[in-house]
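Peer 1: Let me begin by handing over the structure; questions about it come next.
FYI, it's all coordinate maths here, none of it is from the lab. Note that the coordinates shown come from a computational prediction; the quantities given were computed from them, not determined experimentally. Positions of Cβ are generated from backbone atoms using ideal geometry, with glycine treated the same way; all protein chains shown enter the neighbour counts.
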Amino acid sequence: MTDIADRYDPAGVESRWYREWESRGLFHADAASPKKPYCIVIPPPNVTGSLHWGHALNNTLQDILIRYKRMDGYNALWVPGTDHSGIAVHVILERQLAEEGKTRQDIGREAFLERAWKWKEESGGNIIRQLKRLGASCDWSRERFTMDAGLTRAVRESFVRLYEEGLIYQDDYIVNWCPSCQTVLSDLEVEREDRDGEFVYIKYGPLTLGTVRPETKVGGSTCVLLTDAEGSVTRSFQQKWSYCETLISLPKWRVIRPLILGRQNYDIEPPRGKRKVHIFSLSVWFASS
C-alpha cells in the first residue's frame, strides 16, 4: 500500500498532469471546428530574462478565461509568443561584448544578429518553460516570435496600408536619442533624473531673460511679454518694449521679435513677465519683469 503524503507537493503533481494535458492535445484549437470560436493572443513577454509577478497575474487571468470558454463548449485558442524587445537585447549584448573587450562594430552586423538570435533562443526558451510551469493552457503548436518572417511582413503591410490611407504620417518631432546605442528610445525606456542647474541671465537689449538652458537660446526668434490680469504693463517696461520693437538680437544675425500677449491668449497661469519662444523645441521660458 502506497503511503499518502501528509501535505500537498505541487512539484510532483503539476508537471505530471501538464505533460498529460499536452500529450492529449487538450490545448489545441481546430481551425475546422464547427464550435463557436474564442481567441486570446498573449501579450508577448520580452525575451530579456524571466517572467515576473505581473506576468504571473496577467497570464493567470487569461488562463481562467480560456479554460472557462473551453469547458463551455467554445473552440478556445490561446496563442502564445514572445517579443523581441530590441533595445533591451541590444544593451545586454553590448554588455556581453564589452566584457570580451569588443564592440558591435568589431564583430560586424551579421555576427551581432547571430548573437541576438542565440540570446532569443536561450531567454525565450526559459520564458516558455516558465509559462508551462505556471500551467498556461496555450496552443503551443502556434507559438510565435515577433520577429518571425510572417509577422514582420504583416506588420510592414499594415503600416504601409495605414500610410496610404492617410491614417498615419511621418513628420519631424523631438525624440530621445541614445548616443551609445545610436538609436531612438521610447519615453518608457528613458531613465530621468533631477539635477541642480545654474540659473543664467541673458540680456536682450534692455530686457533680461532668466533660464537654465542658455545653450538653446541662440535659436530664439521671439520674446513674449505676458500682461497682468488687466492687460497692462508698467510704464518703464513699455518704454523698454518700444526699444525692443526696433531691434533685439542674439546673436547679431538673428532678430528677436517682441510679441505682447494678453491674459485672454493663454490658458495656463504663468508668472507675469517675459517668456522666450524657442523655434527648435517650441519650449517656453519664463522670466520676471
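Peer 1: How much length would be gained if the chain were fully extended between residue 198 and residue 134, taking 0.36 nm per residue of separation minus their Cα-Cα distance, in nm to one decimal?
Peer 2: This chain segment gains 17.7 nm when fully extended.
Peer 1: In vacuo Debye scattering of the range 30-154, one point per C-alpha: log10 I(q)/I(0) at q = 0.09, 0.14 Å⁻¹?
Peer 2: Reported log10 I(q)/I(0), two decimals: -0.33, -0.69.
Peer 1: Using the Cβ atoms and a cut-off under 14 Å, what net charge is assigned to the surroundings of residue 164, where Lys and Arg are +1 and Asp and Glu are -1?
Peer 2: Around residue 164, the surrounding residues sum to 0.
Peer 1: Can you give me the long-range amide H partners of residue 39? Hydrogens built in the peptide plane at 1.01 Å from N, cutoff under 5 Å, separation of 5 or more residues or another chain.
Peer 2: Residues meeting the criterion, in which the H sits 1.01 Å from N, are 77.
Peer 1: What FRET efficiency comes out for the pair residue 109/residue 165, r = Cβ-Cβ distance, R0 = 30 Å, nearest 0.05?
Peer 2: Calculated value: 0.35.
Peer 1: Please state the relative contact order of the range 10-164 as a whole percent: Cα pairs under 8 Å, 6+ residues apart?
Peer 2: Relative contact order of the range 10-164: 33 percent.
Peer 1: Specify whether the C-alpha gyration tensor of the range 91-162 places it in the rounded, prolate or oblate class, a ≥ b ≥ c being the square roots of the eigenvalues: rounded for a/c under 1.5, otherwise prolate if a/b is larger than b/c and oblate if not.
Peer 2: oblate
Peer 1: What does the C-alpha gyration tensor say about the overall shape of the range 158-214? Classify as rounded when a/c is under 1.5, otherwise prolate if a/b is larger than b/c, or oblate.
Peer 2: oblate
Peer 1: Now for a separate question. What is the gain in length, in nm to one decimal, between residue 122 and residue 5 on full extension, counting 0.36 nm per residue of separation less the C-alpha to C-alpha distance?
Peer 2: Contour length minus the Cα-Cα distance gives 38.5 nm.
Peer 1: Provide the gained length on full extension for the span residue 180 to residue 149, in nm with one decimal, where the gain is 0.36 nm per separating residue minus the Cα-Cα distance.
Peer 2: 8.3 nm
Peer 1: Over the range 124-195, how many percent of alpha carbon pairs lie in each 5 Å bin up to the one with the longest distance?
Peer 2: 3, 10, 11, 12, 15, 17, 13, 12, 6, 1, 0
Peer 1: Taking the Cβ of residue 77 as the center, what net charge do the other residues with Cβ under 10 Å away carry, scoring Lys and Arg +1 and Asp and Glu -1?
Peer 2: Counting the neighbours of residue 77, the net charge comes to +1.
Peer 1: Within the range 116-149, list the residues whose amide N lies under 20 Å from a label point set 7 Å along Cα→Cβ of residue 96.
Peer 2: 116-130, 145-148
Peer 1: Tally Lys and Arg at +1 and Asp and Glu at -1 over the other residues with C-beta under 15 Å from the C-beta of residue 40: what net charge comes out?
Peer 2: So the surrounding residues net to +2.
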